[in-house]
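Peer 1: Take this structure, written in structure tokens, and hold onto it; I'll ask about it next.
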Amino acid sequence: MIKIGPIELPDYPLLLAPMEDVSDPPFRRLCKMHGADLMYSEFISSEGLIRDAMKSKMKLDIFDYERPVGIQIFGGDEEAMALSAKIVETVQPDLVDINFGCPVKKVVCKGAGAGVLKDIDMMVRLTKAVVNSTHLPVTVKTRLGWDHNSINIDEVAERLQDVGIHALTVHARTREQMYKGHSDWTHIERIKNNQRIHIPIFGNGDIDSPQKALEYRDKFGLDGMMIGRAAIGYPWIFNEIKHFFKTGEELAPPTMKDRLDAAKNHLIWSMEWKGERLGIVEMRRHYTNYFKGIHGFKPHRMKLVTTDDPIQLLQLFEEIEETYQNYVAE
């Protein structure tokens, strides 16, 4: 059993990555239904929380059926990070996670996210400020380093553990790589094998199939893995991986009805949480992923992304289900 403070997770847990504009409560609900063991909010600006920015505050919404669930914060100012951790604590998540991995320019330029990889002393101070300001377990998600010539994750792991984090997730790419090229988990394996390290170490990067998940589990010997982009439009991946771990066999892929039910529930829950109009508009980016590889689906997708009326949208789902009732994936 893997423990993060008082949180007990199953052996080799599967974590859902915090993804901006993706990992909101409706999406997390689907992933929980399909086997995710621990999930995180989208990352939240510490300064936005302090300013009471509406979008930041909305991201604090968590629900009991999601637990265990963490809220992820980012920022480059110690006082702001400490205060935002106190704000996060008021909504009673199971843990607080710090983002030291986001490679996006607008975050990095503020000395936050992966921008902190250039200054480990600052990373340590920011982490300590959060740890000292909350009773919740604090975890960190980061990258290998700024670029190939400055991979510093070994020092980062030891120093962050020393100031009190309870778990570390490493995206096995540098900031320079962004999301391109191959991830290199050998660096995370080295951390796990470090005799000084006693906190759980999770790997992230390139896990997109049960076969690869099993290969990486057995090859690198980490405590668990985090799945991000492969879950977008495909929440079934968590249970598929778990089934493959247990049996060595692949689960049958989701049927067209499974895909339609997931997309429809995602839409309904988005409208309930965000409001009708915003829920409909922000759901549009997901349809391509839900129906990827479905022959002849483009005309239906065009209707889904151009229809504004919720009743008509739900009728569209019924029509699509009828059209594809005998569909067999090629």
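The values are calculated or read from the model by the stated rules, or taken from the named source; none is laboratory data. Please read these numbers as outputs of a predicted model, since none were measured by experiment. Note that we place each Cβ from the backbone using ideal geometry, even for glycine, and neighbour counts take in every protein chain shown. The area values use the complete protein model at the heavy-atom level, side chains included, leaving out ligands, DNA and RNA. Shrake-Rupley method; radii C 1.70, N 1.55, O 1.52, S 1.80 Å.
Peer 1: So which of Lys141/Lys192; Lys86/Lys192; Lys106/Lys274; Lys105/Lys264; Lys57/Lys118; Lys257/Lys292 end up more than 22 Å apart, counting from Cα to Cα? All intermediate terms of the calculation are to be shown ahead of the outcome.
Peer 2: Details: Lys141/Lys192 15 Å; Lys86/Lys192 30 Å; Lys106/Lys274 25 Å; Lys105/Lys264 34 Å; Lys57/Lys118 29 Å; Lys257/Lys292 14 Å.
From the list (Lys141/Lys192; Lys86/Lys192; Lys106/Lys274; Lys105/Lys264; Lys57/Lys118; Lys257/Lys292), the Cα-Cα distance tops 22 Å for Lys86/Lys192; Lys106/Lys274; Lys105/Lys264; Lys57/Lys118.
Peer 1: Quick one: compute the contact order of the stretch 1-56, relative version, from alpha carbon pairs under 8 angstrom and 6+ residues apart, as a percent.
Peer 2: Values: 59 pairs, mean separation 17.8, N = 56.
Computed value for the stretch 1-56: 32 percent relative contact order.
Peer 1: Quick check: residue separation of Lys303 and Arg285 times 0.36 nm, minus the Cα distance between them. What number comes out in nm?
Peer 2: Roughly 5.2 nm would be gained on extension.
Peer 1: Sorted by accessible area (1.4 Å probe), largest first, how do Thr139, Thr255 line up? Walk me through the numbers before you get to the answer.
Peer 2: Numbers: Thr139 5, Thr255 75 Å².
Greatest to least solvent exposure: Thr255, Thr139.
Peer 1: For the pair Phe245/Asp11, report the inter-label distance in nm, with labels modelled 7 Å from Cα in the Cβ direction.
Peer 2: 1.0
Peer 1: Using a probe radius of 1.4 Å on heavy atoms only, what accessible surface per residue do you get for the stretch 112-205? Whole Å² is fine. Could the numbers behind the result be given before it?
Peer 2: Details: 3880 Å² over 94 residues.
I get 41 Å² per residue for this part.
Peer 1: Residue separation times 0.36 nm, minus the C-alpha to C-alpha distance between Asp162 and Asn132: what's the value?
Peer 2: Working: separation 30, 0.36 × 30 = 10.80 nm, distance 1.27 nm.
Computed gain between Asp162 and Asn132 is 9.5 nm.
Peer 1: Output the relative contact order of the stretch 119-165, whole-number percent, from Cα pairs under 8 angstrom with separation of 6+ residues. Working shown, then result.
Peer 2: Working: 27 pairs, mean separation 23.4, N = 47.
Once normalised by length, the contact order is 50 percent.
Peer 1: Take the Cα atoms of the stretch 270-330, build their convex hull, and give its volume per residue in Å³.
Peer 2: On the way: hull volume 5.0 nm³, N = 61.
Here the figure is 82 Å³ per residue.
Peer 1: Still on this model: Calculate, in nm to one decimal, what Leu314 and Asp52 gain on full extension: separation in residues at 0.36 nm each, minus their alpha carbon distance. Spell out each step's value before the answer.
Peer 2: Details: separation 262, 0.36 × 262 = 94.32 nm, distance 3.48 nm.
Between Leu314 and Asp52, full extension yields an extra 90.8 nm.
Peer 1: Let me ask something else. Report the FRET efficiency, 1/(1 + (r/R0)^6), for Tyr179 and Met33, where r is their Cβ-Cβ distance and R0 is 25 Å, rounded to 0.05.
Peer 2: Numbers: r = 26 Å, r/R0 = 1.06.
Taking R0 as 25 Å, the efficiency between Tyr179 and Met33 is 0.40.
Peer 1: Enumerate by residue number the trypsin sites (Lys or Arg not before Pro) in the stretch 83-144 meeting two conditions: DSSP loop (anything except H, G, I, E, B), and at most 16 other Cβ atoms within 10 Å of the site's Cβ.
Peer 2: Numbers: sites: Lys86, Lys105, Lys106, Lys110, Lys118, Arg125, Lys128, Lys141, Arg143; in loops: Lys110.
The qualifying sites are Lys110.
Peer 1: Taking every pair of Cα atoms in the stretch 1-109, average 1/r, invert it to obtain the Kirkwood radius, and report Rg/Rh to two decimals.
Peer 2: Details: Rg = 13.7 Å, Rh = 14.3 Å.
Taking Rh as the inverse mean 1/r over Cα pairs, Rg/Rh reads 0.96.
Peer 1: Another question, if that's okay. Is the C-alpha gyration tensor of the stretch 1-45 telling us rounded, prolate or oblate? Criteria: a/c under 1.5 is rounded; beyond that, a/b larger than b/c is prolate, otherwise oblate.
Peer 2: On the way: a/c = 2.79, a/b = 1.56, b/c = 1.79.
Oblate is the answer for the stretch 1-45, as a/c is 1.5 or above yet b/c matches or exceeds a/b.
Peer 1: Can I ask one more? With a cap of 14 neighbouring Cβ atoms within 10 Å, and only residues DSSP puts in a loop, list the trypsin sites (Lys or Arg not before Pro) found in the stretch 244-299.
Peer 2: Numbers: sites: Lys246, Lys257, Arg259, Lys264, Lys274, Arg277, Arg284, Arg285, Lys292; in loops: Lys292.
Loop-located and lightly packed - Lys292.
Peer 1: Over the Cα atoms of the stretch 120-265, what is the Rg over Rh ratio if Rh follows Kirkwood? Walk me through the intermediate numbers first.
Peer 2: On the way: Rg = 17.3 Å, Rh = 16.8 Å.
Radius of gyration over Kirkwood radius for the stretch 120-265 works out to 1.03.
Peer 1: Over the stretch 219-320, consider all pairs of different Cα atoms and compute the Kirkwood hydrodynamic radius from their mean reciprocal separation; express it in Å, one decimal.
Peer 2: On the way: mean 1/r = 0.0658 Å⁻¹.
Hydrodynamic radius (Kirkwood, Cα pairs) of the stretch 219-320 is 15.2 Å.
Peer 1: If you don't mind, there's one more thing I want to ask. Tell me, what does the Kirkwood hydrodynamic radius of the chain come to in angstroms if you use every pair of distinct C-alpha atoms? Intermediate values should be presented prior to the final figure.
Peer 2: On the way: mean 1/r = 0.0487 Å⁻¹.
Over the chain, the inverse of the mean reciprocal pair distance is 20.5 Å.
Peer 1: May I pose another question? Suppose only helical runs count, i.e. DSSP H with n ≥ 4. What mean residue ellipticity at 222 nm does that imply for the chain under -39500 (n - 2.57) per run, divided by all residues and rounded to the nearest 500 deg cm²/dmol?
Peer 2: Details: 15 runs with 140 residues, N = 330.
So the helix-based figure for the chain works out to -12000 deg cm²/dmol.
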